[in-house]
Amino acid sequence: MAILRILMDIIIVLLLLGGTFFFFVGTVGLLRMPDVFCRMHATTKCDTLGVGMIFFGLVLWQGVSFVSLNILVILVFIWLTNPTAAHYIAKSEYERISNEDKKEETGHGRT
Amino acid sequence: MIANTVVFVAVALSLMSFAALYRAYRGPGAADRVVAINVIVTKVNAIIVLIALVSAQASYVNVALVYAMIGFIATIGVAKYVLRGKLG
């Protein structure tokens, strides 16, 4: 039984550190990537996988209780809303860039 | 062992959110800043849950849910403003 508990602790610590690793990867991508879409490619990964691993580790740590149910609700909310927000940012940025390109093309046509 | 790891993860996430704040300050366009602030909101969410569990105040977990909603509405608002030039 003690061995099982130690194994559980090791799994929880590995989940927490793995989530921190994915957050680190997302932050490095946010700082180093050249474009908005490349940055979004890195940060959405850190949103879903980093938060998922950290919260699953905390749920395993808390066991079956209302607190872990609450954490799962937050996790499902983040998993639903973050891809939606990233999709909307990408759409708005794409529209802006394509509008600027169109304006430049018509300007060259006149001159 | 787990409590120490939780505190370490919270400190690491706060340092990384300062690193993301640099991109929100520096970023050339509005979309860069929105992406950086989205990442900061997610990190602060994780920090709130970690601190709530390590300080054994279970009702603080609800704060993270409200904060996630506020961050989502802020992101959608700024993206819609960039897309249309006005809100509503």
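Ranking of A:Cys38, A:Cys46 by neighbouring Cβ atoms within 10 Å, starting from the fewest: A:Cys38, A:Cys46. Starting from the Cα gyration tensor of the range B:2-84, take the square roots of the eigenvalues, sort them a ≥ b ≥ c, and report rounded, prolate or oblate (rounded when a/c is under 1.5, otherwise prolate if a/b is larger than b/c, else oblate). Since a/c reaches 1.5 but b/c is at least a/b, the shape of the range B:2-84 is classed as oblate. Shown here for the range B:1-46: chymotrypsin sites (Phe, Trp or Tyr not before Pro) in loop regions (DSSP other than H, G, I, E, B) with at most 14 other Cβ atoms within 10 Å, of which there are none.
In this structure, B:Ala74 and A:Lys103 have a Cβ-Cβ separation that, at R0 = 30 Å, corresponds to a calculated FRET efficiency of about 0.55.
Going from the fewest other Cβ atoms within 10 Å to the most, the residues A:Met33, B:Met69, A:Met1, A:Met53 appear in the order A:Met1, B:Met69, A:Met33, A:Met53.
Taking the C-alpha atoms only, the angle from helix A:51-62 to the longest principal axis of chain A is near 20 degrees. With Cα atoms defining each centre, the range A:1-48 and the range B:1-31 are spaced 12 Å apart in the structure. The modelled label-to-label distance between B:Ala3 and A:His41, using points 7 Å beyond Cα along the C-beta direction, is 4.4 nm.
Taking every alpha-carbon pair under 8 Å whose residues sit at least 6 apart, chain B reaches a relative contact order of 27 percent. For the range A:1-100, what does the alpha-carbon gyration tensor say about shape, rounded, prolate or oblate, given a ≥ b ≥ c as the root eigenvalues, a/c under 1.5 as rounded, and a/b over b/c as prolate? Here the range A:1-100 falls in the oblate category. Residues B:Thr42, B:Thr75 in ascending order of nearby Cβ atoms (within 10 Å, fewest first): B:Thr75, B:Thr42.
Readers should treat all values here as calculations from the given coordinates under stated rules, not as data from a laboratory. Remember, it's a predicted structure, so these values are computed and weren't measured experimentally. Using ideal geometry, Cβ is built from the backbone for each residue, glycine included, and neighbour counts are taken over all protein chains shown.
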